[in-house]
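To keep things clear, I will list the structure first and then write my remarks on it.
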Amino acid sequence: MAFLKVKTLILQGYKDTDLALCMSKFYADLLPIAKLHLINSGGDNLPEQMPDIVVEEITNFLSDGDNF
């Protein structure tokens, strides 16, 4: 995945499974321009459980420009 040269946001619920957390960290390490954001009280379905926080995180990520 190192060939992907786009900013990537990985949102992960901290209360998700250990496997899911490891996979998210692995993908964040593979992607050259990735930001992994763990949401403390989130579980395995962030868009359904915490839609307002997901929207806020995506909006912040997109409006951040090149300040990565």
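The values are calculated or read from the model by the stated rules, or taken from the named source; none is laboratory data. Keep in mind the model is a prediction, meaning the values are calculated, not measured. FYI the Cβ positions are ideal-geometry reconstructions off the backbone, even for glycines, and counts take in every protein chain you see. All accessible areas refer to the heavy atoms of the entire protein, side chains included, with ligands and DNA or RNA removed. Shrake-Rupley method; radii C 1.70, N 1.55, O 1.52, S 1.80 Å.
Being closer than 15 Å to residue 57 by Cβ, of a type in the set (A, V, I, L, M) and in contact with a Leu (Cβ under 8 Å, 6 or more places away or on another chain) is the filter here, so list the residues in the range 5-37 that pass it. Step through it out loud before you land on a result.
Step one: list which residues in the range 5-37 are closer than 15 Å to residue 57 by Cβ, which gives 7-14, 24, 28, 34-37.
Checking the rest, the ones that are also of a type in the set (A, V, I, L, M) come to 9-11, 28, 34, 36.
Those that are closer than 15 Å to residue 57 by Cβ, of a type in the set (A, V, I, L, M) and in contact with a Leu (Cβ under 8 Å, 6 or more places away or on another chain): 10, 11, 28, 34.
Mind checking whether some residue in the range 46-57 is open to solvent by less than 90 Å² (accessible area, probe 1.4 Å) and in contact (Cβ under 8 Å) with a residue 60 or more places away in the chain?
no
Looking only at the range 1-33, which residues are free of Cβ contacts under 8 Å to residues at least 24 places away in the same chain and surrounded by fewer than 14 Cβ atoms within 10 Å (Cβ to Cβ)? Let's see the steps before the verdict.
Looking only at the range 1-33, we keep the residues that are free of Cβ contacts under 8 Å to residues at least 24 places away in the same chain, and these are 3, 18-19, 21-26, 28-29.
Across the range 1-33, the qualifying residues are 3, 18, 19, 22, 26, 29.
Somewhere in the range 31-44, is a residue over 12 Å from the mean Cα position of the chain (by Cα) and part of a helix (DSSP H, G or I)?
No - not one qualifying residue is present in the range 31-44.
Find the residue count for the range 1-30, including only residues that are of a type in the set (S, T, N, Q) and in a loop (DSSP other than H, G, I, E, B). Give the steps one after another, and end with the answer.
Initially, the range 1-30 is screened for residues of a type in the set (S, T, N, Q), giving 8, 12, 17, 24.
Then drop every residue that is not in a loop (DSSP other than H, G, I, E, B), which leaves 17.
Qualifying residue count, the range 1-30: 1.
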